[in-house]
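The next block holds one structure in the form of C-alpha cells; read it before the comments.
Each value in this text was obtained by applying a stated rule to the coordinates, not by laboratory testing. In this text, all values refer to a predicted model and were calculated from it rather than measured experimentally. We place every Cβ from the backbone using ideal geometry, glycine too, and count neighbours over all the protein chains shown.
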Amino acid sequence: MRLEHKLLRDVMTRGVVTVPMDATVKQIAAMLSKQGLSGVAVIGPDCEAMGIISDMDILKVIGKENWENIPAESIMSSHMETIRPTCTLGEAAKIMNEKNIHRLLIFSERGVGASQRPIGILSVSDIVREAARE
C-alpha cells in the first residue's frame, strides 16, 4: 500500500498524553522532557480536548515574568486541527502542509465513543517514520 493511502488508525500514536488546563508551564515542560514528546493535548474537567500545547508554545513564554507558573490555558492553541482515524496519511499531510502545523489530534468517528476526546495523535515525525519504512 502506498504511503499516502495508509489509514491514520494504523499509524497514529495511541494514548494521547494530556494535561489539565491549570497545569503550569514548568509541569508541562517537565512532562514533555521526561516522555520525549513535543506536544500535549489540554483537557477540560470533562476530559474533552480544549487545546494543544507544543514545545514552541513553551519556548515563547520562557523568560517572561513568573513563566514557570503560567497555566496551560493561557498558552494553549485553542484552535486544534482534528481528523478521524479512517482518513489517510495523504489527507493528514495535506492539512498539515496547508495549515503549517506539526500535529493533528485524532478523534473517534462521529457517534462512536466520546467524539471530543482524543484517541490518538499524528505528528510530522510519525509520517516521516512511515516514509522511512516504505
* In the chain, what percentage of the DSSP-assigned beta bridges are antiparallel, given to the nearest 5? -> 75 percent
* Of 90, 51, 120, which has the largest mean-square fluctuation in a 10 Å C-alpha GNM of the chain? -> 90
* Be a star and scan region 23-45 for residues whose amide nitrogen sits under 16 Å from the point 7 Å along the Cα-to-Cβ vector of residue 64. => 23-29
* Expressed as an acute angle from 0 to 90° and rounded to the nearest 10, what is the orientation of the C-alpha long axis of helix 89-99 relative to the principal long axis of the chain? -> 40 degrees
* Structure fact -> Contact order relative to length for region 3-133, counting C-alpha pairs under 8 Å separated by 6 or more residues, stands in percent at 31 percent
* Give the angle, between 0 and 90 degrees and rounded to the nearest 10, that separates the Cα long axis of helix 124-133 from the longest principal axis of the Cα atoms of the chain. => 40 degrees
* To do: Working from Cα positions, state the angle (0 to 90°, nearest 10) between the long axis of helix 25-35 and the longest principal axis of the chain.
  => 40 degrees
* Asked: Kirkwood Rh over Cα pairs of the chain into Stokes-Einstein at 10 °C, 1.306 mPa s: D in µm²/s?
  -> 103 µm²/s
* To do: State which entries of 26/64; 26/60; 34/64 exceed 21 angstrom in Cα-Cα distance in the structure shown.
  => 34/64
